[in-house]
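> The structure under discussion is supplied below as C-alpha cells; questions concerning it will follow.
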Amino acid sequence: MRLYAAAVFAFLYLPIAVIAIFSFNAGTHASQFTGFSVQWYGKALSNPFVMEALWTSFIVALCSAVIASVFGTMAALALQGMTGRVRMVADALIYVAVMVPGIVIGIATLIALVTLFGWINPFLALLAPEGQAPQLSMGYGSLIAAHALFSMSLVIIILRARLAGMDRSLMEASADLYAPPFATFRQVTLPLIFPGILAGFLLSFTFSFDDFIIAFFVAGSETTLPIYVFSSIRRGVTPEINAIGTMVLIVSLLLLVTAQVILRRGPKKEGGDAA
Amino acid sequence: MQRRLSTWLLLAPAGVWFAVMLVLPLCFVLVFSFGERAPAGGYVPAFTFAQYANLPARGTAFLNTLMLAPLGTLLSLLIAYPLAYFLAMRSDPKWRTLLLILVIVPFWTSILIRSYAWIFILGGQGLPAVIEWLGFGQVRLINTPFAVLTGIVYGYLPLMVLPIFVSLERLDKRLLEASADLGAPPLRSFLQVTLPLSLPGVATGCMLVFILLMGEFLIPAMLGGGKVFFIGNALVDLFLQSRNWAFGAAVAVTLVVIMLVTVSLYMWLMRRMGGQRDDVAMM
C-alpha cells in the first residue's frame, strides 16, 4: 500500500523533476545530458520575446486576480445567508463558469467580443471624426476580463465556505454594540475572511498565469508566456523551454503551497476538505 | 430597505461581469450555431440547422473524444482509488494534510509544461531509447493513443483522488469495526461497507474528470501529434485556422449538450444513491 502510494507520487513528480534536471543541461541538444550549466536560464531571461510574454502574463494575472478578489469578495458577502431566486441564479452561474470547459469559454468570449467591437467601433469613429478614435480590440482587456470571470467564481466558492463556517454571532454582537456596518466589516468580518481572500488571490493569479486555452482565443495580438511556450514547442524541444518551464513551475508551486497553507490554517470551515 | 440596497450594490460588479463575460458570450455561441459561414470566413446571420446536419464531418473528433475520455476516466479511477484509500485510511494522520497537498498541487501547475514533460519522456530519445537499449526492440510511444492516455491520467489524477479521499475520510470507521466483529474478512468488509459508501466520491471524481476531458485540447495537441485529436482540437482548427465560426459554434453547443447530459445523469445517480451533495471544488 505504502509502496503503491510512493509509486503514484513518483509518477506525479518525476516528469517535473526531469524537466528541471534537463534545464541545467550544458549541451544544445535537449535530451542528451552533457554537463551542468545555467546558461539556458541566462538565454531565456535575455530573450526579449520571453521577457515580453512574461510581462504580459504578469500584468494580466495581477489585474485579473485583483479584480476577482475585490468583486468576488463583495459578491460572497452579499450572497451570505441569502436564499431564494437570486441565490439560485448566482449558484447556477458560478457552477456554469467553473464547469464549462475553458475552450468553450474562450470561443464564446472571442465571438461575442469581436462582434460587439464590430458594432461599437463605428460609433467611436463617429465621435472623433479626426481619425483619432480609439478602436476596441482583443488584447489585455479581453484577457483580463476573461480570466477574472473564472477567478471570481473561485474566490466566491472559497469565501462561501469560509463565511458559512464563521460565527455569525460575532457580527451580530458588533451590530448590537452600535458599530456601523462598515466598522463591523473592517474590524470583525474582514480579519476573519482575509486568509480566504488571500488564498483566492493566489489561486487566481496562478490560474491566470498558467492558463493557455482561454488566452489562446482572446489574446488578440498579445502573447502570454504559455502561448509563447506552446508555439516554441511546436518548433521543437529546446533546453531553453526546459528553463522557462522550470521557472514557471517554481513560481506556481510557491504560490500554491502558500495558498494551501493559508487555506488549511485558521478557522475550520464546512466542506473545507474540498478546498 | 437600506440593507437590500447595499446587498445589490455589493452584487452589482460581479453580476455585470457574469452577464457580459459568461451569459452573453454563451448566447452568442448558441445564435451563431444556427448561422452560416461567410465566404471569407466568419459569420453570416441565418436560421438554419445546416451546421448541425454537418456535424458528422467532424465525426472522428467526436468518436475519439467519446472513446478516450471514458477510458481515461476509468484509468484515472483505477489508479486514484488505492491512493485515496491509502491517504484516508492507512496514512499517518500527521502527514495526511501534507500528502494531500502534494497530490493537489500538480493539478494547479501549468498543464502545458507538465504535458511537455511527457513529450520529453515518451519522445524518441526518452523511454523508447531505454526500451531499445534493454533489447526489446523499437517502440513508438509519442503521438499514439497511449501517449494521450498517459497525459490524461497524469493531468487529471489529482481531480479524481480528492473527492474519493473526502468520501472515504468521512466514512464512519465504527462500521468497519462492526463488520470485523461480525466475522467478515477484510476483503468482504471492503466490498460490502467501504466500497459502497465511497461510491458518491467515485461518481463525483468520474464526472469532474470526464467533463474536463470532453473539452481537452492541450494533451491531444501535444502528445497526439495530430493523429489523436479531440473535439477541442477540432474547435481550435475551426475557429483559428479555417475560421468557420458557425460550424465551430455548432460543435461547441453539441459539446456542452453532451456535458449537460452527463451532469444530469450524475445528479440523478447521486439522488438515487442518497449521497450528500458535495460541493467538491478542486482548489
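The values are calculated or read from the model by the stated rules, or taken from the named source; none is laboratory data. Remember, predicted model here, so these are calculated numbers, not experimental data. Cβ: placed from backbone, ideal geometry, glycine included. Neighbour counts: every protein chain shown.
> Can you tell me which residue within region A:94-109, out of those that are closer than 14 Å to A:ARG160 by Cβ and either touching a residue at least 60 places away in the same chain (Cβ under 8 Å) or more than 8 Å from every other protein chain (Cβ to nearest Cβ) (or both), is surrounded by the most Cβ atoms within 10 Å (Cβ to Cβ)?
Only one residue fits best here, namely A:ILE94.
> For region A:35-145, please list each of the helices (runs of 4 or more DSSP H) lying entirely inside it that holds at least 3 residues being under 30 Å from B:THR7 (Cβ atoms). Give the steps one after another, and end with the answer.
On the way: elements: A:39-45, A:48-79, A:85-99, A:102-127.
In region A:35-145, A:48-79, A:85-99, A:102-127 are the helices (runs of 4 or more DSSP H) which contain 3 or more residues that are under 30 Å from B:THR7 (Cβ atoms).
> Ok, one more. Taking the residues in region B:91-140 that are facing chain A (nearest Cβ under 7 Å), part of a helix (DSSP H, G or I) and hydroxyl-bearing (Ser, Thr, Tyr) as candidates, determine which candidate is surrounded by the fewest Cβ atoms within 10 Å (Cβ to Cβ).
Per the criteria, the residue is B:THR97.
> Here's something else I'd like to know. Have a look at A:THR246, A:THR223, A:THR258 and point out the one that is surrounded by fewer than 24 Cβ atoms within 10 Å (Cβ to Cβ), at pLDDT 90 or above, in contact with a helix residue (DSSP H, G or I) (Cβ under 8 Å, 6 or more places away or on another chain) and not in a loop (DSSP other than H, G, I, E, B).
Details: A:THR223 fails: not in a loop (DSSP other than H, G, I, E, B); A:THR258 fails: at pLDDT 90 or above.
After applying the criteria, what remains is A:THR246.
> Can you name every residue in region B:9-44 that is within 13 Å of A:ALA97 (Cβ to Cβ) and buried (at least 18 other Cβ atoms within 10 Å of the Cβ)?
B:ALA14, B:GLY15, B:TRP17, B:PHE18, B:MET21, B:LEU22, B:PRO25, B:LEU26
> Taking interchain pairs and intrachain pairs at least six residues apart, which have beta carbon atoms under 7 angstrom, with the first residue in region B:97-112 and within 20 Å of A:PHE212 (Cα to Cα) and without any contact (Cβ under 8 Å) to a residue 60 or more places away in the chain and the second among the acidic types (Asp, Glu) and part of a helix (DSSP H, G or I)?
From residues that are within 20 Å of A:PHE212 (Cα to Cα) and without any contact (Cβ under 8 Å) to a residue 60 or more places away in the chain, the pairs are B:THR109/A:ASP210; B:SER110/A:ASP210.
> Residues that are in contact with a strand residue (DSSP E or B) (Cβ under 8 Å, 6 or more places away or on another chain): find the helices (runs of 4 or more DSSP H) completely inside region B:1-78 holding 1 or more of those.
B:50-53
> So, of the residues in region A:69-90 that are more than 8 Å from chain B (Cβ to nearest Cβ) and surrounded by fewer than 16 Cβ atoms within 10 Å (Cβ to Cβ), which turns out to be nearest to A:ILE197 (Cα to Cα)?
Step by step, filter region A:69-90, then rank; the result is A:GLY81.
> Under the condition of being in a helix (DSSP H, G or I) and within 15 Å of A:TYR140 (Cβ to Cβ), which residue from region A:179-216 is nearest to the other protein chains (Cβ to nearest Cβ)?
A:PHE209
> Just checking, does region A:204-218 include any residue being under 23 Å from A:TYR95 (Cβ atoms), at pLDDT below 90 and among the charged types (D, E, K, R)?
No, region A:204-218 has no match at all.
> Same structure again: If we scan region A:115-127, do we find a residue that is under 16 Å from B:PHE239 (Cβ atoms) and within 9 Å of chain B (Cβ to nearest Cβ)?
yes
> In addition: Among what's in region A:186-196 and is touching a helix residue (DSSP H, G or I) at 6+ places or on another chain (Cβ under 9 Å) and free of Cβ contacts under 8 Å to residues at least 24 places away in the same chain, pick the residue that is farthest from A:ARG162 (Cα to Cα).
Filtering region A:186-196 for residues that are touching a helix residue (DSSP H, G or I) at 6+ places or on another chain (Cβ under 9 Å) and free of Cβ contacts under 8 Å to residues at least 24 places away in the same chain, the one farthest from A:ARG162 (Cα to Cα) comes out as A:GLN187.
> Continuing with this model, one more query. Could you check region B:1-54 and list, in sequence order, the residues that are under 19 Å from A:PHE71 (Cα atoms) and either more than 32 Å from the chain's Cα centre (by Cα) or more than 10 Å from chain A (Cβ to nearest Cβ) (or both)?
If the condition is that a residue be under 19 Å from A:PHE71 (Cα atoms) and either more than 32 Å from the chain's Cα centre (by Cα) or more than 10 Å from chain A (Cβ to nearest Cβ) (or both), then B:ARG3, B:ARG4, B:LEU5, B:SER6, B:THR7, B:TRP8, B:LEU9, B:LEU10 are the ones that fit.
> Among the candidates A:PRO180, A:PRO134, which residue alone is surrounded by fewer than 24 Cβ atoms within 10 Å (Cβ to Cβ), in contact with a Leu (Cβ under 7 Å, 6 or more places away or on another chain) and of a type outside the set (A, V, I, L, M)? Lay out the reasoning, then the answer.
Working: A:PRO180 fails: in contact with a Leu (Cβ under 7 Å, 6 or more places away or on another chain).
That would be A:PRO134, the only listed residue that is surrounded by fewer than 24 Cβ atoms within 10 Å (Cβ to Cβ), in contact with a Leu (Cβ under 7 Å, 6 or more places away or on another chain) and of a type outside the set (A, V, I, L, M).
> State whether one or more residues within region A:212-222 are under 22 Å from the mean Cα position of the chain (by Cα), farther than 25 Å from B:PRO158 by Cβ and of a type in the set (A, V, I, L, M). Give the derivation first.
Keep residues of region A:212-222 that are under 22 Å from the mean Cα position of the chain (by Cα), which gives A:212-222.
Still in the list and also farther than 25 Å from B:PRO158 by Cβ: A:217-222.
Narrowing further to those that are of a type in the set (A, V, I, L, M): A:218-219.
Within region A:212-222, one or more residues are under 22 Å from the mean Cα position of the chain (by Cα), farther than 25 Å from B:PRO158 by Cβ and of a type in the set (A, V, I, L, M).
> Quick test for you: out of B:LEU162, B:LEU168, pick the one residue that is facing chain A (nearest Cβ under 10 Å) and in contact (Cβ under 8 Å) with a residue 40 or more places away in the chain.
B:LEU162
> Does B:THR60 fit the bill of being under 20 Å from B:ILE211 (Cα atoms) and touching a Cys at 6+ places or on another chain (Cβ under 7 Å)?
No, not satisfied.
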